[in-house]
Amino acid sequence: MKEKIKKYWGLIRQRRYDFVLQAIAWSVPKWLFFYNHAVYLKSYNPEWQCKSIDGCEVRLATLDDAPLFEPIGMPRQTVTERLNAGERAAILLRDGELQAAVWGGTSRRFLKYSGTIFDPGPDGVYYYGAFTRPEARKRGYYTAVRKYLHETFVNEGRRLNWSAVSANYPRWVNAVLKFNFTKVGETFFVKLFFVRLCYYRKWLYPRKKIEISFKAPPKDIIWV
């Protein structure tokens, strides 16, 4: 406990309040307190740069692939529910083992880490849930699955890419921006017990700067 207090105090002295709130949020139950500072990125023509992935298989996930996600901490039920709801997942396999995956969806959805309801629009896709095994990173696997999924949706008339990234990881934000993305939104979300507050510093269209809610969003839209 003393080490945590010392760490938090150091961050406060550096005025890194975002990190303090995020650290607290990830160390207590989500029903008690949660905080997230997110930026929203979009691109019509992402310039994914893929390395050679010889020996790997890249394709869309099917219901039969649900067990492949369990070793990365995603229950079969979650995978099944998402696929049945019309979500897509591009996966990269090596020797039959899941190495990387990314999800995408076109329906209106609740972004549970951002506290806002988001609609990708008639030509858009919201990409989320990216994963790469630690030992498989820096091999171009993520960009390979992201490019594959993007091209799948482009063939269906959906070219616009939407993503939300934690603002507390500027290196990751800048890395995505290098692939021809533009920052178009920024939100701060705080949840304390049953109270949800979302502050829109910047958004895609005019709306209230602050939204406060005392109940959870409807279950008839997908939560991601």
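Values in this text are rule-based calculations from the coordinates and carry no lab data. This structure is a prediction, so every number in the text was calculated from the model and none was measured. Here Cβ is always computed from backbone atoms with ideal geometry, including for glycine, and neighbour counts include all displayed protein chains.
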The answer for the net charge of residues other than Arg158 whose Cβ lies under 12 angstrom from its Cβ, with Lys and Arg +1 and Asp and Glu -1, is -1
Sorted peptide list for 118-126, 158-166, criterion being average Cβ within 10 angstrom, highest first
158-166, 118-126
Ascending count of other beta-carbon atoms within 10 Å, so fewest first, for Cys56, Cys50, Cys198:
Cys50, Cys56, Cys198
Net charge near Asp54 (other residues with Cβ under 15 Å of its Cβ; Lys, Arg +1; Asp, Glu -1) is +1
Distant alpha-carbon pairs in the range 52-100 (separation over 16 angstrom), percent:
36 percent
Counting other C-beta atoms within 10 Å, which of Glu151, Glu135 has the fewest, and how do the rest follow?
Glu135, Glu151
Using each residue's phi in the range 52-64, evaluate 6.51 cos²θ - 1.76 cosθ + 1.60 at θ = phi - 60° and report the 3J(HN,Hα) Karplus result to the nearest Hz, with x for Gly and Pro.
5, 10, 4, x, 10, 10, 10, 6, 7, 6, 10, 4, 5
Most fluctuating residue given options Trp26, Trp103, Trp203, as computed from a GNM of the chain linking Cα atoms under 10 Å:
Trp26
When all Cα-Cα pair distances of the range 31-219 are considered, the percent exceeding 31 Å is 18 percent
Collect residues whose amide H, placed 1.01 Å from N in the peptide plane, falls under 5 Å from the amide H of Gly185; neighbours closer than 5 in sequence don't count.
Tyr40
Which residue fluctuates most in the GNM of the chain (Cα springs below 10 Å): Lys202, Lys51, Lys112?
Lys51
Show me, for the range 210-215, the HN-Hα J-couplings you get by feeding each phi into the Karplus relation (A = 6.51, B = -1.76, C = 1.60, θ = phi - 60°), rounded to Hz, glycine and proline as x.
10, 10, 10, 9, 10, 9
Run the helix sum for the chain: -39,500 (n - 2.57) per DSSP H stretch of 4+ residues, divided by residue count, reported at 222 nm to the nearest 500 deg cm²/dmol.
-7000 deg cm²/dmol
How do Tyr40, Tyr205, Tyr128, Tyr169 line up, fewest other C-beta atoms within 10 Å first?
Tyr205, Tyr169, Tyr128, Tyr40
